[in-house]
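I have placed the structure first, in the form of structure tokens, so that the comments after it can refer back to it.
The values are calculated or read from the model by the stated rules, or taken from the named source; none is laboratory data. Values in this document were obtained by computation on a predicted structure and should not be read as measured data. Backbone-built Cβ (ideal geometry, glycine too); neighbour counts: all protein chains shown. For the accessible areas, the whole protein counts, side chains as well, though only heavy atoms, and no ligand, DNA or RNA atoms are used. Shrake-Rupley method; radii C 1.70, N 1.55, O 1.52, S 1.80 Å.
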Amino acid sequence: MELLPRSPGEFGSAPYWDRFFRQRGQRPFEWYGAFPQLCPVLRKYVRPRDKVLVVGCGNSELSEQMYDTGMCEDIVNIDISEAVIRQMQERSGSKRPKMSYLLMDVLQMDFPDDHFQVVLDKGTLDAVLTDEEEATLAKVDKMFAEISRVLQVGGRYLCVSLAQAHVLKKAVEYFSREGWVVRVHQVAGSGDKQCFVLPVFVYVMTKFRKIPNSASQILEICPEEQDKPTRVESVERLVAAVKDRQHYALLCSQLSKAPCGEQVSLDLCNKENGRPRYTLHVVDSPSVKPSRDNHFAIFIIPQGRETEWLFGTEEGRRQLAASAGFRRLVTVALHREQHYEGMAGIQAELSGKVMELAPPGLPARQQVPFLSVGGDIGVRTVRHCETSPLSGEYVVEDVKGDGTCYFRRLIFLRNRNVVQSEARLLTAAPPPGQKKRRKDKKKPSSAELPVVIDKSYLCCEHHKAMVAGLCLLGGPNTLPETLLAVLVVGLGGGSLPLFIHDYFSQARVAVVEIDPSMLEVAMHWFGFSQGERMRVHVSDGLDYVAKLAAEVSVLSLAAPAQYDAVMFDVDSKDLTVGMSCPPPAFVEKPFLQKVKTILKPEGVFVLNLVCRDAQLKESVLATLGEVFPLLYARRIEGEVNEILFCQPSPEGRQDPTELEARARALEGALRQPGRPWDSSYVLADLLQAVKIL
């Protein structure tokens, strides 16, 4: 039986609808949900005394149910299908004396002006506006003009729609231009048990007298989970907000039918300001054997730990899901701009929403566990927020790590999942003579305790590897006491140059940093300071190295190459390139030749390379190999970082075993009595996986 049109244009033809309703018979055809789903929205805008016009009524039971429930009785129904009007007149008969059915076209109605308080349209606009051809748009303009004519000022045009972008945009633009207030409601539960996967929306257009030369418009959206509407500043933003909800409905539909091959991520936003509040990743583990209790779980990532490999990478989350033993795990990251009322508060807030992401086969009334590390949501204290003209928005925050340790981090918000700099915090000792706290006094929170930066601890694995690479210089046993000239490009929080300064007692360290804001951050928040052996030059690293190279070239023997080690740890501001560290200009051949010029023949150039583009990475390695005949690479496990050690002379070539021995000797020399040394630093281990390229 053919019930659907051969072409979308037939949706607007009377013969098609006559044939449709004759074939369907007396069975009601409910476009876009039934009365129970629509009722909560309709009750807000339809009053018992209102005179209501239903356009394109079809054989839906909507009008009858509105009448029978007492929502409204003075209802006029019109349709272009003679067959359905006759059918509905017979069905309603004398049971609903105040309700009528008339054969009439919404494009040309016989009613007087200002005759109705409500015009209700359930799917009619969608059936008419099937495309954006000129003839179709002219027909829709005529429909809107007729609806506007028969509505009283203060009346409401309620349009139930699937909200295709072109349909929503046309309706909103037309009526907002006429000075009407436009509000879009999402119908609760409309995507559950119907033939449409997409959610249903109700456009509420309230008629006001048009004010000449007024450009103001009132546009609002009201998601299904809230009654309070949210103001939207433009038609484009309103269409985008609806599209977000449609995409979410499609995602939930897909996740409810089958396991997802790839990890799916989405943001849940704050209702008040629209900012992301939770970031969710859906991870399926088909290899986990099913049982009654292992279908589904939610994992709350402690605040500040979302950047860790286990939580911040696809591979890490896959490992987390497998070790947790659930077939579907949803990880939840908490955002720094938001306030959370503990684990119980988060669970109450998320319980309804995460169930929409439940896997197929989840038993009814199954308890879904909320998991976390240590059972809490972690600690995050934002210490400083600022905007730099060069680096954009950034924050300095203190977070609780695994165990009892606290860390201070610098985060650039343009790339909020990457820790730019990190330092371990130690509780400061009380000043001499200060009385101890009485036992009955409240213990201060971690945020209130005075702290100092642990300068002996390198948090970043790539910094540890960069330091280990210094064993390529001279005799590793005597290196800590050797006069060294080191150039570091990229300051961040300053932990790398500080460590070199403190552990290599004769090293003179020059740091180049393009952003003066970062120098202030390093000094104020990360314990960095300048002195006789530590100087910071606020300059573009490209310009600074080029200037040094020019001086060496001009003066030749009078100004020999001056650096034992040059280290690049500088991020790229351009996120469109597949290499986030360093900027591409730093690895172009002419510039690398300048780096070689300022490096001593037995020196080492250490580069932190973060490149996700395999082809680009191969090109960078090839260029480095053209300039530096000796090249070592150390991949940082669990991270994209790869540390490259480049030497200008092939004569110093050493195999990995020799490198390991030199690193062990350097570590022994650095471990001096009375000097703090973290047991996790095993420099030999850091160089075990070095490859000679």
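Contour minus end-to-end for Thr623 and Gln89, with contour as 0.36 nm per residue of separation and end-to-end as the Cα-Cα distance? Display every interim value, and only then the final one.
Values: separation 534, 0.36 × 534 = 192.24 nm, distance 8.24 nm.
Separation in residues times 0.36 nm, less the Cα-Cα distance, equals 184.0 nm.
Straight-line reach from Lys257: which aspartates and glutamates fall under 18 Å, measuring Cα to Cα and dropping same-chain residues less than 8 apart?
Asp192, Asp284, Glu356
With all protein chains present, calculate the accessible area of Cys405 using a 1.4 Å probe and round the result to the nearest 10 Å².
Answer for Cys405: close to 50 Å² accessible.
I'd like the GluC sites (Glu not before Pro) in segment 301-348 restricted to DSSP loop residues with at most 14 other Cβ atoms within 10 Å, sorted by number.
Glu337, Glu341
May I ask for the distance between the Cα centers of segment 457-474 and segment 116-184, given as a whole number of Å?
When both Cα centres are located, 66 Å separates them.
Order the following by accessible area, largest value first: Lys596, Lys547. Probe radius 1.4 Å; ligands, DNA and RNA are ignored.
Greatest to least solvent exposure: Lys547, Lys596.
Between their Cα atoms, which of Lys51/Lys170; Lys464/Lys547; Lys170/Lys210; Lys271/Lys400; Lys98/Lys210; Lys142/Lys210 are more than 22 Å away from each other?
Correct reply: Lys51/Lys170; Lys464/Lys547; Lys271/Lys400; Lys98/Lys210.
Might you work out the accessible area of Lys207 for me, using a 1.4 Å probe with all protein chains in place, and round it to the nearest 10 Å²?
For Lys207, the solvent-accessible surface is approximately 20 Å².
Quote the accessible area belonging to Thr576 in square angstrom, nearest 10, computed with a 1.4 Å probe and with ligands, DNA and RNA left uncounted.
Probe radius 1.4 Å; accessible area of Thr576 about 120 Å².
Note down the relative contact order for segment 259-371 as a percent, whole number, built from C-alpha pairs under 8 angstrom at least six residues apart.
Values: 168 pairs, mean separation 36.0, N = 113.
Result for segment 259-371 is 32 percent.
Would you list, by chain and number, the aspartates and glutamates whose Cα falls below 19 Å from the Cα of Lys139, excluding same-chain residues fewer than 8 positions away?
Glu10, Asp79, Asp105, Asp110, Asp121, Asp126, Asp131, Glu173, Glu178
What is the sum of charges around Leu413, taking Lys and Arg as +1, Asp and Glu as -1, for the other residues whose C-beta is under 15 Å from the C-beta of Leu413?
Cβ neighbours under 15 Å give a net charge of 0.
Does segment 264-326 come out rounded, prolate or oblate by the C-alpha gyration tensor, with a ≥ b ≥ c the root eigenvalues, rounded set by a/c under 1.5 and, if not, prolate when a/b is larger than b/c and oblate if not?
Judged from the Cα gyration tensor, segment 264-326 comes out prolate (a/c at least 1.5, a/b above b/c).
Net charge within 11 Å of Cys260 by Cβ-Cβ distance, Lys/Arg positive one each and Asp/Glu negative one each, not counting Cys260 itself?
With Lys, Arg at +1 and Asp, Glu at -1, the net is 0.
Roughly speaking, what is the stretch gain from Glu220 to Gln152, that is 0.36 nm per residue apart minus the C-alpha to C-alpha distance, in nm to one decimal?
Contour length minus the Cα-Cα distance gives 22.3 nm.
Can you put Arg275, Arg91, Arg365, Arg209 in order of accessible area, largest first, using a 1.4 Å probe?
From most accessible down to least: Arg365, Arg209, Arg275, Arg91.
Compute the whole-percent fraction of alpha carbon pairs in segment 259-371 spaced more than 21 Å apart.
Tail of P(r) above 21 Å: 34 percent of Cα pairs.
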